Amino acid sequence: MGRRRQHGRDVSGILLLDKPIGATSNEALQRAKRLFQARKAGHTGSLDPLADGLLPLCFGEATKLSAYLLDADKRYFVRVKLGVVTATGDAEGEVLERRPVEGVTRERLEATVARFVGQIEQLPPMYSALKHQGQRLYKLAREGIEVEREPRTVTIHAIALGALEADEFEMDVRCSKGTYVRTLAEDIGAVLGCGAHVIGLRRTGVGPYGADDMVTMGQIEDAAAEGTQALDALLLPLDSAVGHWPEVRLSQDAAYYLKMGQPVLVPRAPTSGLVRLYDAGGGFVGVGQIEDDGKVAPRRLMCAP
């Protein structure tokens with residue numbers, strides 16, 4: 001049998017989509033993929049339908065870099081309501097309990113929030129995309145089934161407390177991958193003794209990317225009406241996903257052997273870690289890893305356009 005023919009354009013780059021509230025991450029991805037007429041695309045970590053904000057979409061060769069963005073730190077702007085506990089930890093879930101909100105001053109809230117900065121243990125919520133014996137937890141939860149989950153260690157790098165008004169407050173959270181912001185809000189509410197749930201969640205950062213370069217679905221639609229050149233102007237270059245890593249320039253010979261899968265010795269290269277690789281002409285080659293012997297080994301290489 002012949003290979004299945006793939007339809008669409010060979011377009012590569014990274015789109016910083018401002019995902020709208022109400023759409024799943026996959027729905028947003030598929031809509032953008034159709035507008036770009038792209039052959040290949042993927043996203044870099046799901047946002048809940050009730051959340052909006054930064055959802056990097058990887059087109060073409062950029063999909064080889066999506067794992068690095070999936071593993072990257074995240075940043076969220078969160079609005080939390082005190083005194084109400086829901087089944088899902090957000091405003092979509094059934095109300096399980098209402099409690100009075102008493103004595104929650106800004107000073108007490110700041111002291112409580114500070115307890116969650118650093119490495120913490122989180123119990124993944126039942127309403128999550130984690131799997132148990134091949135089934136998504138949220139699907140089991142909708143059937144009224146609760147299974148045992150193991151706590152996971154995550155890192156909260158910083159929490160900046162925003163406005164506090166009556167029974168609601170805001171916070172700016174910088175955290176590691178795998179952090180459940182809904183669980184963070186619930187745990188803060190539990191310490192305060194009144195319970196809490198998330199009523200607003202906007203992702204404002206993923207790895208090297210911030211909110212300034214996001215584009216809306218409306219902007220993509222407008223660009224699509226103008227043509228593929230206007231669409232492609234919305235894309236960021238492939239190496240922007242790893243632009244915060246050290247750069248290694250390869251000679252013509254080193255680039256040849258590295259593209260053949262062989263580690264190469266590069267003068268004045270870093271001594272450890274992941275690096276971004278460029279050929280002698282400045283073209284982005286891909287991602288490399290410094291090995292114990294100091295050589296640069298290929299990890300994820302880009303195909304030439």
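The values are calculated or read from the model by the stated rules, or taken from the named source; none is laboratory data. Quick caveat, the model's predicted, so the values are computed rather than measured. Don't worry about glycine lacking a Cβ; one is built from the backbone with ideal geometry, like all the others, and counts go over all protein chains shown.
If you check Leu69, Leu50, Leu55 for being of a type outside the set (Asp, Glu), part of a helix (DSSP H, G or I) and in contact (Cβ under 8 Å) with a residue 12 or more places away in the chain, only one passes: Leu69.
When Gly273, Gly178, Gly282 are checked against the criterion of being within 23 Å of the chain's Cα centre (by Cα), outside the structural domain of Pro151 (by TED's automatic domain parsing) and on the phi > 0 side of the Ramachandran plot, Gly273 stands alone in meeting it.
Taken over the stretch 165-182, the criterion of being buried (at least 20 other Cβ atoms within 10 Å of the Cβ) and either closer than 24 Å to Ala72 by Cα or polar (S, T, N, Q) (or both) is satisfied by Met171, Val173, Cys175, Thr179, Tyr180, Val181, Arg182.
Here is a yes/no grid of residues against (1) aliphatic (A, V, I, L, M); (2) touching a Ser or Thr at 6+ places or on another chain (Cβ under 7 Å); (3) part of a helix (DSSP H, G or I); (4) modelled with pLDDT under 95:
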| position | (1), (2), (3), (4) |
| --- | --- |
| Ala223 | yes, no, yes, no |
| Ser240 | no, no, yes, no |
| Val285 | yes, no, no, no |
| Gly288 | no, no, no, no |
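Under 24 Å from Gly210 (Cβ atoms), at pLDDT 90 or above and surrounded by fewer than 14 Cβ atoms within 10 Å (Cβ to Cβ): does that describe Ala185? In short, no. Would you confirm whether any residue within the stretch 275-284 is closer than 30 Å to Leu109 by Cα and among the basic types (Lys, Arg)? No, that holds for no residue.
Can you tell me how many residues within the stretch 86-97 are surrounded by fewer than 20 Cβ atoms within 10 Å (Cβ to Cβ) and either part of a strand (DSSP E or B) or small (Gly, Ala, Ser) (or both)?
Residues of the stretch 86-97 that are surrounded by fewer than 20 Cβ atoms within 10 Å (Cβ to Cβ), as a first pass: 87, 91-97.
If we keep only those that are either part of a strand (DSSP E or B) or small (Gly, Ala, Ser) (or both) as well, we get 87, 91, 93, 95-97.
The total comes to 6.
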